[in-house]
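Colleague: Here it is: the structure, laid out below.
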Amino acid sequence: MSDDAATSEWVAVPHEEMNLRAYRAATVAFVVAVAGGLLAAAAYWTSETQTLLGVGLALALGGIGFGLVSWAKYLDLDEHVVQQREPLRPTAAERDELTGQVEMTQQTVGRRKLLVGLLGGSFASLAIGFVGPIGSLGPRPRGERDRTGWVAGRRLVTLDGQPVALSSGVFDQLATVFPDGMIGRDDSQVVLLRLREELLSASTIEQGALDGWVAYSKICTHAGCSVGLFGVDDREPDVVRQLVCPCHQSVFDPTDGARPVGGPAPRSLPQLSLGVDDEGFLVANGDFDRPVGPITWDEG
Ligand code: FES
């Protein structure tokens, strides 16, 4: 190219067709994303929640991702115009060229506005799509554990609904019991043991052990698993009784308020104070002496 040509020509590198394709792809992708978000939101009220929610969120996220990539291409392919040198007096042809450039720029600005609007709509519909799942998280458990099913006078019953007589039971045998009428209630499950009374610490008796019976929350204070194992190690010189959580091997001493003696559990299992009713069956004297479960459940 001669110097004259370089000084008097506008060098344009148009990729209008590819540009338009990327723009259309971005537009369609954002529209799909909006539809996906709305589908996810609507899914919450249908009987196919899981499937539709998954499809909707996939469309929304995929649409946004694909749309952004296409948009990036569109920007990349946007027309580049380089003016090699400002002519002092543009010719009629140059004026026409300039007018064309301005019109194209206006068109591009209009497209960008549409894309920005669609992108905003995509994010908004995605947020709406998450309303259902977030709403399904439910209330925090904080404070709920202070109100289990145990109240004064409520009988302890086994899984098959049988009350436990004060005089029954053999020593060193573990049973899982629930409040009468609430079998299976998670926060109220209790491990019940009868131990020789002389083995119990003074504080354990003070906290509600009765005639050798001790009752503790079955929910591990480490991470909430069920403390379902009881063992007696009768090797000399000391006989050791232990309640064990199988998840991470926390060990609790049932003769001493179920305090942790091994493993990661940070605190004792809450103890249930026991009484006996007119018919000789074990009852609770009230709720546990402290909230059940891991301490993190109470952290706010
Ligand atoms: S949940 Fe019991 S030891 Fe971890």
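Colleague: Can you tell me which residues in the range 216-247 are more than 8 Å from the ligand (Cβ to nearest atom) and out of contact with any strand residue (DSSP E or B) (no Cβ under 9 Å at 6 or more places or on another chain)?
Modeller: If the condition is that a residue be more than 8 Å from the ligand (Cβ to nearest atom) and out of contact with any strand residue (DSSP E or B) (no Cβ under 9 Å at 6 or more places or on another chain), then 235, 236, 237, 238 are the ones that fit.
Colleague: Here's another thing I want to ask about it. Please work out which one of (1) modelled with pLDDT of 95 or more; (2) under 19 Å from residue 283 (Cβ atoms) is the condition residue 168 fails and give its number.
Modeller: The failed condition is (1).
Colleague: Could I ask something else about it? Suppose we filter 250, 203, 273 for residues that are of a type in the set (Gly, Ala, Ser), more than 13 Å from the ligand (Cβ to nearest atom) and over 23 Å from residue 149 (Cα atoms); which single one remains?
Modeller: 203
The values are calculated or read from the model by the stated rules, or taken from the named source; none is laboratory data. Computed from a predicted model, the values in this text were never measured in an experiment. Using ideal geometry, Cβ is built from the backbone for each residue, glycine included, and neighbour counts are taken over all protein chains shown.
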